[in-house]
Amino acid sequence: MPVNEKYLARFEYDSLYHVYNRTNNKELLFRREENYHYFLNQFTKYISPFADTYAWNLLPNHFHFLIRVKILEKILDHIKKLPLSIQTKSERQFLIDSDINILLEMTFKRFFTSYAMSFNKMFNRSGNLFYRTFKRIEVTRDNHFTQTLIYIHANAQKHRLVSQFEKHKWTSYHTVISEKPTQLLRNEIIEWFGSKEKFIKDQFGLTEYYYAFDENDDE
């Protein structure tokens, strides 16, 4: 069944996107705690050179990220510093045409493949792990940004995995309220809400409200 174009937004420079995907047949994406760590490490390895992250959540059979694509100059600078021998075909092509949509699509696919290969090897599994067409919705309005951030952090509560979202371990909500070093755009999030206390208050207060206006499919 074709995916609605709303969920296949083109990646553009300095723009925000809610990116998410699930496994085929909703099988488990994570079977051990080390799988969660490896997934996040691979995300950092593949995606962080091209996009910054505001939020994430890892659920048993799917995931969510809220990212901002970096500006052209930063991406070019990163690729040009790579030895030619390790530049990917899509990175070399990007130096020619600067098509960020193709570059990010291919980079996400490489990220998924790297995780799936490790997962399949660990559990003696074969075949595709992820649903083939990963979804991305462009976030263009201020209230949509707030909604998406809260939606992602509270997703485990939506799926009734926990009674309250903060009891779910694998979400960047805990990173936002901590003081530990992070690549997450924590300072920007706190500034957006006005303070850490206001962020916490809004995360609790708006969770039910925003789920009543859910536009993020069934994930």
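The values are calculated or read from the model by the stated rules, or taken from the named source; none is laboratory data. Since the structure is predicted, the reported quantities are computational estimates derived from the model, not experimental observations. Here the Cβ is made from the backbone with ideal geometry for all residues, glycine too, and neighbour counts use every protein chain on show. Accessible surface areas use protein heavy atoms only, side chains included; no ligands, DNA or RNA. Shrake-Rupley method; radii C 1.70, N 1.55, O 1.52, S 1.80 Å.
Annotations for the structure displayed:
- In this simple spin-label approximation, His78 and Phe123 carry label points 7 Å from Cα along the Cα→Cβ vector, and these lie 2.9 nm apart.
- Rounded to the nearest 0.05, the FRET efficiency derived from the C-beta distance between Ile177 and Thr113 at R0 = 35 Å is 0.55.
- Once both labels are positioned 7 Å from their Cα atoms along Cα-to-Cβ, the gap between Trp192 and Ile71 label points is 1.9 nm.
- Distance between modelled label sites at Glu208 and Leu8, nm, 7 Å Cα→Cβ extension: 3.8
- Under 5 Å, built H, 5+ apart or other chain: amide partners of Phe130: Asn24
- Part-to-part distance (alpha-carbon centres) for segment 95-141 and segment 171-193, which is given in Å: 25
- Counting Lys and Arg as +1 and Asp and Glu as -1 over every other residue whose Cβ lies under 9 Å from the Cβ of Ile190, the net charge comes to +1.
- Spatially proximal lysines relative to Lys6 (Cα-Cα < 17 Å; intrachain offsets below 8 disregarded): Lys135
- Other-chain or far-sequence residues with amide H under 5 Å of Ala51's (modelled H): Lys70
- Accessible-area composition of segment 26-137, carbon plus sulfur, in percent [1.4 Å probe]: 52
- More than 20 angstrom apart: percent of Cα pairs within the chain: 60
- Annotation: lysines with alpha-carbon distance below 22 angstrom to Lys74 (same-chain offsets under eight excluded): Lys45, Lys89, Lys109.
- Taken over segment 2-50, the ratio of Cα radius of gyration to 2.2 N^0.38 Å equals 1.44.
- Filter on Lys80/Lys198; Lys169/Lys196; Lys70/Lys180; Lys121/Lys180 - keep pairs with C-alpha separation over 31 Å: Lys80/Lys198; Lys121/Lys180
- Over segment 3-85 - Rg/Rh using Cα atoms and the Kirkwood inverse-distance radius: 1.02
- Ligands, DNA and RNA are left out, and with a 1.4 angstrom probe the accessible area of segment 101-145 is 52 Å² per residue.
- Glu34, Glu179, reordered so the largest accessible area comes first (probe 1.4 Å): Glu179, Glu34
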